[in-house]
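Here's the structure we're looking at; comments come further down.
Each reported figure results from applying straightforward, stated rules to the coordinates on display, with no laboratory input. Note that this is a predicted model, so its numbers are computed, not measured. Please note: Cβ atoms are built from the backbone with ideal geometry, for glycine as well, and neighbour counts cover all protein chains shown.
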Amino acid sequence: METESAAVVSGEELYLSYLAGSKNAFEDFVKLYEKELSRFIYGIVRDYHEAEHLMIETFAQLVINSKKFDGKSSIKTYLFAIGKNLSLQLLRKRGREQHISFEEAAEISIGEEETPHGMYEKSLNKQYLHETIKELKSEYHAVLVLLYFQDMSYLHAGKAMNKSEKQIKALAHRAKAALKKKLESKGFVYA
């Protein structure tokens with residue numbers, strides 16, 4: 001029944017319990033974020049095995065550098081920033097940049113309660129979105145994923161991307177405008 005209690009405990013509470021000496025708290029902390037973090041990292045590196053490895057490395061770096069977390073952002077923001085940095089290091093090592101995919105992140109938003117017709121329409125829209133997102137700059141991908149699929153605030157997304165809240169708002173505005181322009185050029189009509 002530990003997993004049920006972990007669902008009502010925040011990431012910050014679990015992390016603080018871990019720092020206070022609870023090994024179970026860290027296990028619950030990992031369970032809370034591992035899937036989201038893996039999807040986010042996969043969107044950057046586009047390799048499932050590398051994403052899994054980097055997800056584990058991200059948690060390891062959090063443990064190794066636990067004294068660096070200053071609490072100015074949420075633990076989730078800090079964790080995702082570590083994951084992003086490790087992913088970008090890998091890409092630099094590979095010598096090429098890859099685009100963040102929204103496909104896996106978009107799957108989160110499909111609810112089981114939707115009708116078959118609604119799911120079909122969402123699938124078509126997701127296909128348009130996926131095709132269009134491939135054409136956007138990677139910085140636009142990152143900000144949109146953090147804000148709209150990871151539900152981060154502008155402040156937390158900024159910390160994850162090493163930008164100010166004002167810079168993130170401007171970047172998000174440009175990313176949405178670029179996405180809208182590309183979608184409209186493909187004939188996508190907003191309801």
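Suppose we keep just the alpha-carbon trace of the stretch 1-81; what are its Rg and Dmax in angstrom?
My reading of the Cα-based Rg and Dmax gives 12.7, 36 Å.
With a cap of 12 neighbouring Cβ atoms within 10 Å, and only residues DSSP puts in a loop, list the trypsin sites (Lys or Arg not before Pro) found in the stretch 29-72.
Within the stretch 29-72, the qualifying trypsin sites (Lys or Arg not before Pro) (loop, at most 12 other Cβ atoms within 10 Å) are LYS72.
At ALA170 and LEU16, where each label point lies 7 Å from the Cα along Cα→Cβ, what is the point-to-point distance in nanometres?
In this crude label model, ALA170 to LEU16 measures out at 3.6 nm.
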